[in-house]
Structure formats: C-alpha cells, structure tokens
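The structure under discussion appears below in the form of structure tokens.
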Amino acid sequence: MKGWSQVRSVVRNLFHREHLEARLNDELRGYVEMLTDEKVAAGMAAKEARRMALVEVGGVAQVRHAVREERAGMGIEALGQDLRYAFRTLRRDWPFTAIAVLILGLGIGANVAVFSVVNAMMLRPLPFRDPQQLVWMAGNGGVGGLSDQTYRVVAYEEFARHNKSFQNVTGFVPSYELSQTNLLGYGAPKPVNGVWVAGDFFQTLGVQPMLGRLFTTEETVNYNKGGRPAAILSYDFWQRQFNGDPAIVGKLIQINGRATPVVGVMPASFDFGGTFAPGMKFDFFVPIIMDSIQNWGHMLSLVGRLKPGVTMEQAQAESNVLFPQLKAAGHPEWGTDVLTAMTGLKEHVEGMMRRPLETLWCAVGMILLIVCVNLSNLLLTRAAARSKEFALRISLGARRGRLIRQLLTESLVLSGMGAALGIVLAYGATRYLAHQEALSLPQLSSVHVDGAALGWAVVLTLMVGMVFGLVPGWKLAMGERANLQAALKDGGHGSSHGRSRDRLQSTLVVSEIALACVLLVGAGLLLRSFMRVMDTDLGFNPSQAAAIAVDYDDGGSAAKRGAVLAEMVRRVSLIPGIESAAVTDALPLTHSRSWDLIAKGRTHPKGATEANSDAFIYVVTPGYLQTMGMRLRAGRDLDWHDTADKETVIVINEAAARREWPGEDPIGKLATGVGYGVSRVVGVIADVHESSVEADSAAEVYAPVMQEPPNAMQLVVRSRLPIGALAPDVMRVLRQMNPGQPATELRPIQGLVERATSPRRFLAQLVGIFAGLGLVLASLGIYGVISYSVAQRTQEIGIRMALGASAGRVQRGVMAKTLRLAAFGIAAGTVASFSMAKGIAALLFGTAPTDAVTYAGVVFSLGLVALLAGYLPARRASRIDPMPALRSE
C-alpha cells in the first residue's frame, strides 16, 4: 500500500503540479499570517510582526524549495532541470558537441550495424517452424565435393522409410541450372535460377506460401504417368518480374519450354539462397520427379526434422547403423552414402562464419572502448575548463552529488544524440550490405536494423554514457574542497589537482593507443592473409575473361551438339576484340560435381574409401583450356575430332596424375569411371582451384562435349576489349543460333574469384575500417592531451623561455612527452596483440600470428601518427611569448 501511495503521489505531482503549487502558496501564506497575528496579539507592531514571522519561517523561497524536494516527483523535476541545463551548455559549446556526437555516432553506429549482421547470421533463429529440430545431413562424413556429400535417390527413400529418429526427411537438388521462363503475355524470356525440391520440402521446413498452396502428390509424379507440372515463385522474383501481381496463381510460365502453372508464392522471409547457397538468388521452385533422376547418381542434399525428444546424437547413432545395414541388404552401389554426418541446420548455415563474426564483434567492441576513452578525455578537458563554474557552485552550497548528476546527464544526452546518428548510419550500412549480391554470406539479405538492434542501441547508449561520464564525475568527487581556492584563481593550473588530471588523461591516452595497436595488428594480419589468398596461383587467368549462359537443347544427339557448338564458337571468335571462345558446363569456383577417376587396373589401398577415386568433372569444347588461361603441362588439348564415334579421351590435372599414376607419365594411360567406360588421357594441365581459392586442388577431369552430355552450358570468351562492349555482339550471335536465347549478361570470370573470397574480404575490410577509425581516435586523443598539457603549462613554459630555454628545446620536450605516451601504449598493445593473434590464427592464410612485417608496420604507423599528433601542440608551445605568459598570472 505504501508503494502504491508513492506512485499516486508521483502521478499527482506530474499531472496536478499547478494545483499543488497553488496549495503550497496558500499554506505558506496562511502560516505566515498566523504567526503575524500571534505576534501582533503579543503587542508587536503589524509591520515588525510580519518581518519577524518571515524570519522565523526562514524565507518563503527556501521553504518552498525544501517542500518541493520532499515531494515524490522531485527526481523528475530535477531531471528536467538537468536536461534543460545540459542542452543549454552543449548548445553553447557546439564545436565540442559536434565532435563528440560524430565520434559517438561512428562508434555506436558501427556496433549496431555489426550486431545486426551477427544477429541475422548467428543469433536470430532460422525463419522456419521449430528450427532447432532441423538437421543437415551430409554424405561422406561431410567432406569432399558436392557429389560426395549428396545422396542417391534410393538411399534417400530407404533411409526416410526405415529411420525412427525423424518426423520427416526431405531434400533438394543443389545443381542450379539456368532455365528459360516468361509469363505468357509478359514479354521476352529472361534467365532465371530454379531449384528442384522434394514435394514435402516446404512442409518439412515448416514454411507456408504467402499466396496459393504447396505442391500436391500429383505434381511429384512423372509426366508420363499422369503427373502435372507446377512451380512456386520466390517473393523477390514475383515482385521483380511480375510486379507483385496478386492474380499470379494459376497463370502459366514457360520453364525449359514447358508451360507450367504457378501454384504459389513464398513469403519474403523465405530466402532459399541465404540458407542453402549463400550469395545466390533463386526465382522459382519445382518438384523433383524422383523416378526420373533415379539413376543420376548422387543428386540430393538432405534435411530432416527430428521427432520430439530425439537428440542429434541419437539420430547420428541410428544413421551410423541403418545406412550400412541398408547397403548390405542390397545396395552395394551406395558408396559414401553410408557415411552420414549430421549437424543442426543452423550450425550448418553459420558454417565457417562463426569465428569471423566473433572476431568482427570483438573488433567493433574495441572501437567502442576507444570511443569511451576518447570522450572521457574530452570531458576531462572540458571539466577542467569548467572548474571555476563547479568551484563557484560548490562554494554557494551545491552538493558534489548534484554536480556529478549534472555531468552524467550531459554525458547521457551526448550519448543519446550520438546513438541517434549511429542508428541512421547503421540503417544505411545494413541496407547496403543486404543488397550486396557479390558477398557469399549466409542470411545476408535478412540483415536489417530490427527491434533487437534498437534494443542493443539503447543498452549501448546507457552504457557508453555512464562509462565516459563517470570519469570526470569521479574526478570531481575525489577533489578536495581545498582545491576550490586554487580553482577560483587564474594561476591554479600547476596545482596538484591539475597534475592529477594530467596523469589520468595520459593513462587514458596510453590505453587508447594500446587498443588501437591491437586493432591494427589484427587488421594487418587479416589483410596480409587476404593478399596471400589473392596472390594464390588459381591455375587459370580470370582477367579479361567472361561467361554467359547458353540456352540450347540438343535433344540428346551428340553429333548435332558438336556441330552446333563448333559453329557457335566459330562465330563468336570472329567478333572483333575476342581472342578465343569455348563452351563448358561448369566454371571453376562454382558448384563442384564429381565422378570417379580410377587408373585402369588400380585397386584401392587397404583402408581407403571410395571417395579416394573422386574427380571434379568438366565437360568442355576444344579451346576451353586456352580461353580460361589454363596451362597445358603435357600432351594435347581436346580437339573437335574427338567425337562420339572415336575413342573416349580426357584431359586431367597434375593432382589427378599424381594420385592415379604416381611417378609415371599419364599420357596415353587408360582410366575408368568417366562416362561409365574407359577413357584415354591425352593431356595434363596445371592444377586449378576448382572449389575454393584457399583449398588445395583436387583431381580434375576435362571431357569433350562431343563425347559426354553437359550438365548445362556456359559460353566463355577472352577479349582485349572491356567486357561490357562485347555483350551486344555476343548476344546477337547467340540469338542467331537460338532465337529463344534469354537476355542475360556477360559476367566477368573475375567475379567468381571475388565471390569465392568475399567472406575473407568482408572481414578484412571491416576490421581494417575499424582499425583505421581506432587510429584516428587515438591520434585525436594524443593531440587533445598534449594540447591541454601545453595550455596548462603556458606560464611554466614562458618562465623557462624567459630564463633562456630555446624554442627547439621546448618543442623537443613536448615531443618527448608525446613519444613517451606512444611508447607505453605501443608496448602494452604489442603484448596484448600476441594473445589476440593466437585467437584469430585459424582465420589466417599463409600468415603467421607473429608476422614481423605486420608488427613492424603497426609500430611504425602508430609512432608516425603520434609524432604528427604531437607536432602541432609542440610547435605552438615553442612560439609562446614569455612576457604575456608571465603577465597572465
């Protein structure tokens, strides 16, 4: 009841203040009149009686103030007074306010932006029903190429039928072929990316369409057995291609020449690429016709939903037993399907990004610490300039707690203004990142400043405001009242109080330099690693090469395919500026399918698995190796005469040669596994990085398109001219060959390299930006402290110069102090950097955590910045005129 009475008191004070004030005045007036009447009755004159009554009351204004302090609403009234005073003083000192708000905006904005990224990729649950139950299943123990980690249709169906751990197991085909589609009556065909999914894929994930429905059983049956085609559109494609037409459901689109009805549109929150193929956009989904891909080998990526109460460990243990049992019961061809590694889908999506994101969050946290230290220094300097104001207010009876509360209010106001700017900056940064299709990062499109990010901004605002506001407040609280007289004098600069403040500021600057040093070392190591990655010999030359998807159906005729592609390559090669052209079914650093490659007569070593025979397969036309800038080490290139009626031939890389024919010349040797027959090796090329810039090259096979059917087709050209200038002529030739060729762009091969290295580039760039910001803040801190020190010692420097000290000696003294601060900070930061470098060692490529070049560069950079930051105050000190300095006392 007492607490409720206090609440009601606060409410009354908030909403009935005028009534309370009038009542207080009436009571005071009545009390004074009562005392006056008593004194008049005692024989005192009326005027004197009133004067004595007022003296006895103690002053109406003082009583009124004391009564207000007793009210429950006094805290709110005081807060209002503090806020008004804070805004007045900050507006009056607008240069300081502008600098502080800018520094805070950058620091808080960077933290909110990084939190939004971390939240989208790590903290926020996947946008599926009960996402903690979803499991990613990978064959071959989760290692190897795409063909190793995917499953055969029979293996999927058998496991889904017999397992006891999952409510359901579903899948999709992760080879994304370019398809032709256009809404009937909506204009020319456009290239799109479609993906095959199992009929129950969306039900297993727990996602419902925004419009329409999901696939029915009839739509997953072979068309020859009464099945019906169907497609579900992604939200972005629906908006982009069909202008968000709400009547899209039921209309027909052309997919690979087949009229297909649209049965649904997925919600905006469903980003298939962000979850299962970072960096790629997908436009529509069609159901997998299982019996039509029954004999295609490893085709399916699997996702399962656990039954309630079943753990991941239990599901893994069951698969370790069930898959081998099913293989032994009649499926010897399964191979690596039996080696299943299970991880949570969320963990799989995070993949290799957890450590980089944790590093990024630590880096941006250090920026916030530097911001707090920097602003503490600025506020200390400002508090020193306001020392007379504080001393005067204390001498007039103000309590130190009241002044500390005022300082905290000002710091919180500054922090709030900085947070407002930071949220705007974070919104722009996250919006920019969410639309960077060149970055292959999971859930990137869902990055935005949401309620959680705003809550984090509020926490940062309060925390930062308290941290950098407590330093001058603590300094004021620790000051002795004996310092009041010194503070009220003009010559109080040399007091012990001033020297104590100088020591505190110097300590803060040393901490700031140390933090900046750690950031710079981390950024330097990551940048050096990124440079080493970019210097890696890829085995091909991406510069001045480009690719465009070709839409062509040969009807299964190898002879027709060879003739048409030969003519296509010939015509494109005649375009002015094009040096060479070729066709391939896959490009390096994209999806990596693999077949077997086994030297004829070779047997597996004891203990080896069938994965030891895998090789990445590329089906290409003659001239592809030259066009891609690959280097032929031995033998010959493929030739247009390598047709279906001739001996099957292949070109391999050096890794395949070392594995299958160690110490031998592979030219002329026979191999099995490619094309389900025997192939003769006619050439060997230098190793090519096919799946990752950082991973070692694996075995590769290049088969002629005339002898092996391609998975898809990409026209690759190499030119002396800018890529954009070639696009119209290339498209003209393709349209001559196939009038239905979709209008698509000529994409630089360099873009594949940039996409493959985008996670490392993303981390290196952001940490580098934060390190640069930390360096700037540290230099500002050094400059501020040295400038303040020179201003405080103006009289001392004037006396020294009057006694004969030269300008050079004064300047050297100031620079010496600057270098001492920098040396202490660099030393502390270097020691801390060794521990930090060990923590990010897993992120480094070709760079040691103790890389001497990085550390030397950081020490040199910080030393140079310290010299520059201290030079201006030192120069100003050397120009002090002794006479005005002496007269200032």
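The values are calculated or read from the model by the stated rules, or taken from the named source; none is laboratory data. Everything quoted here is computed from the prediction, not taken from an experiment. As a convention, Cβ positions derive from the backbone with ideal geometry for all residues, glycine included, and neighbour counts pool all protein chains shown. For the accessible areas, the whole protein counts, side chains as well, though only heavy atoms, and no ligand, DNA or RNA atoms are used. Shrake-Rupley method; radii C 1.70, N 1.55, O 1.52, S 1.80 Å.
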Exercise. Quick one: order Phe770, Phe824 from most to least accessible surface, probe 1.4 Å.
Key: Phe824, Phe770
Quiz item: In sequence order, what are the phi-derived ³J(HN,Hα) couplings for the stretch 227-238 according to the Karplus relation 6.51 cos²θ - 1.76 cosθ + 1.60 with θ = phi - 60°, rounded to whole Hz, with x for glycine and proline?
Solution: x, 10, x, 7, 9, 10, 8, 6, 4, 4, 5, 4
Quiz prompt | Net +/- balance of residues flanking Ala841 in space, Cβ distance below 12 Å, scoring K and R +1, D and E -1 | solution = +1
Quiz prompt | Apportionment of accessible area to carbon and sulfur, the stretch 523-579, percent (1.4 Å) | solution = 54
Quiz prompt | Cβ-derived FRET efficiency at R0 56 Å, Leu574 paired with Arg228, nearest 0.05 | solution = 0.80
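If R₀ is 60 angstrom, what is the calculated FRET efficiency for the pair Leu872 and Gln254, using the beta carbon separation as r and rounding to 0.05?
E(calc), rounded to 0.05, equals 0.30.
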Quiz item: Which whole-number value in Å² is the accessible area per residue of the stretch 633-724, probe 1.4 Å?
Solution: 41
Quiz item: Largest first, what is the accessible-area ranking of Trp296, Trp136, Trp595 with a 1.4 Å probe?
Solution: Trp296, Trp595, Trp136
Quiz prompt | Average accessible area per residue (Å²) across the stretch 512-598 - probe 1.4 Å, nucleic acids and ligands excluded | solution = 35
Quiz prompt | Val733 - accessible surface, heavy atoms, 1.4 Å probe, Å² rounded to 10 | solution = 10
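What net charge is computed for the residues neighbouring Ala315, neighbours being all others with C-beta under 11 Å from the C-beta of Ala315, Lys and Arg scored +1, Asp and Glu -1? Spell out each step's value before the answer.
Working: positive: Lys164, Arg305, Lys307; negative: Glu313, Glu318.
Once positives and negatives cancel, what remains is +1.
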Self-check item: Heavy atoms of Glu358: accessible area, 1.4 Å probe, square angstrom to 10
Solution: 80
Quiz item: Using a 1.4 angstrom probe with every protein chain in place, what is the largest-first accessible-area order of His298, His435, His689?
Solution: His435, His298, His689
Quiz prompt | Nearest-0.05 FRET efficiency for Arg503 and Ser806, computed from C-beta distance (R0 22 Å) | solution = 0.20
Quiz item: Rounded if a/c is under 1.5, else prolate if a/b beats b/c, else oblate: with a ≥ b ≥ c from the C-alpha gyration tensor eigenvalues square-rooted, which is the stretch 676-774?
Solution: oblate
Quiz item: With every protein chain left in place, what is the accessible area of Thr850 in Å² (1.4 Å probe, nearest 10)?
Solution: 90
Quiz item: Per residue, what accessible area does the stretch 200-286 have, given a 1.4 Å probe and all protein chains present, in Å²?
Solution: 41
Quiz item: For the stretch 843-848, in order, what is each residue's ³J(HN,Hα) by Karplus, 6.51 cos²θ - 1.76 cosθ + 1.60 with θ = phi - 60°, in whole Hz (x at glycine and Pro)?
Solution: 8, 8, 10, x, 9, 7
Quiz item: Of Val776, Asn711, Ala756, which is farthest along the charge dipole of the stretch 653-808 in the positive direction, counting Lys and Arg as +1 and Asp and Glu as -1 at C-beta?
Solution: Val776
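Could you pull out the pairs from Lys225/Lys327; Lys164/Lys346; Lys164/Lys327 whose alpha carbons sit more than 24 Å apart here?
From the list (Lys225/Lys327; Lys164/Lys346; Lys164/Lys327), the Cα-Cα distance tops 24 Å for Lys225/Lys327.
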Exercise. Indicate the gyration tensor shape class of the stretch 500-545 (rounded, prolate or oblate), computed on the Cα atoms with a ≥ b ≥ c the square roots of the eigenvalues: a/c under 1.5 is rounded; otherwise a/b larger than b/c is prolate and the rest oblate.
Key: prolate
Exercise. Compute the distance in nm between two label points, each set 7 Å from the Cα along the Cα-to-Cβ direction, one at Asp245 and one at Arg354.
Key: 4.6
Quiz item: So, with a 1.4 angstrom probe, what is the percent of accessible area on the stretch 241-319 that is carbon and sulfur?
Solution: 56
